[in-house]
Amino acid sequence: MSDDRSPRHLHNPLAVARACAILEREITAGGFALSISGDMEAFSACRRTVRQGREAPLFDPAVTFLPPARAFWMAVRDGEDTVRALQAFRLDVADPSLAEWALGWVLGIYLKRNELIIPDSVQVPDTSVSHRIAGPVVYHGELWVDRHVRNRRLVEVFSRLGMLLALMKWQPVALWALIGNAMATRGHMVRMGYAHMEPGFMRWQFLPEGADPNEWLGLAEAAALERLAEEIVLQDGLDTARMKAHGPAATAAAAAAGGSVENRPAANTAADERNKAAS
């Protein structure tokens with residue numbers, strides 16, 4: 001098991017910064033505005049207004065300490081200032097490993113809000129990659145995109161931007177998420193940047209609100225996220241060169257192949273109460 005509790009550093013911070021700028025540009029080019037905040041009380045109020053329900057206990061400032069140094073949230077608004085997308089991130093320390101720490105952490109926070117949940121098993125499988133993840137980790141949750149947004153790529157681009165910002169802000173060992181079976185098997189998480197998907201990370205007899213009986217682990221280690229950033233920068237350079245060489249026709253072809261987030265067909269995207277990242 002790797003146990004890297006020493007200060008981390010980015011191997012290619014410029015690529016990560018450039019990738020964030022590219023993703024932000026792609027979102028704003030579609031007529032949206034981005035915001036980011038460490039005020040989790042404001043997140044709670046926004047989330048309850050927009051989605052007509054309480055946030056998951058993991059992001060409820062009434063039961064868990066979430067100062068700006070340890071949490072932030074992001075929103076996408078349209079031209080009428082209507083919130084069309086949300087997501088949140090929090091920093092914790094997995095000790096002695098993510099496998100041994102995560103379940104007790106989740107159970108404890110739910111109990112603080114007087115919500116009873118009963119796991120089907122208290123042991124993560126021995127083969128789980130989470131046994132080698134230790135130290136600072138970032139939980140990614142509450143990802144939601146309004147299903148009426150005519151934008152097929154917004155989920156992918158918005159989530160990638162948040163993940164890379166979390167990487168820059170905290171330089172964790174990894175980002176992780178809990179995902180329902182339907183979401184995990186549709187490919188969304190891999191496109192977002194979760195290179196490792198593992199079924200059965202948490203199984204429930206008595207379920208948390210909005211959870212699946214079988215919750216998958218989505219894991220994005222720091223090195224994989226840096227590689228994702230480099231790929232985003234490389235692809236943007238190729239798209240720019242193609243546009244200069246061939247003009248608008250090439251730009252349209254690139255968009256049809258999965259380029260800009262502008263003017264995409266509607267995506268029926270919803271998220272569950274945990275992070276169910278945009279199912």
If each of Asp39 and Met243 carries a label point 7 Å out from its Cα toward its Cβ, how far apart are those two points in nm?
3.5 nm
Where does each of 239-245, 131-137, 107-113 land if you order them by average Cβ count within 10 Å, highest first?
131-137, 107-113, 239-245
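Once the Cβ-Cβ distance between Thr82 and Leu234 is put in as r, and R0 is 45 Å, what FRET efficiency do you end up with, to the nearest 0.05? Each step should come with its number before you reach the end.
Numbers: r = 34 Å, r/R0 = 0.76.
Efficiency for this residue pair is about 0.85.
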Please check which bits of the stretch 57-97 a label hung off Leu207 would reach, taking the label as a point 7 Å along Cα-to-C-beta and the cut-off as backbone N under 13 Å.
none
Between Arg132 and Trp105, what is the label-point separation in nm under the 7 Å Cα-to-beta-carbon projection?
1.9 nm
How long, wide and thick is the stretch 13-256, going by the Cα atoms along their three principal axes, in whole angstroms, largest first?
58, 41, 33
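Quick one: dipole size for the stretch 13-256, taken about the Cα centre, charges +1 on Lys/Arg Cβ and -1 on Asp/Glu Cβ, in debye to the nearest 20.
Details: 25 positive and 28 negative charges, 122 e Å.
In debye, rounded to 20, the stretch 13-256 gives about 580.
Bear in mind that the values in this text are calculations on the coordinates, not laboratory data. Quick caveat, the model's predicted, so the values are computed rather than measured. Cβ: placed from backbone, ideal geometry, glycine included. Neighbour counts: every protein chain shown.
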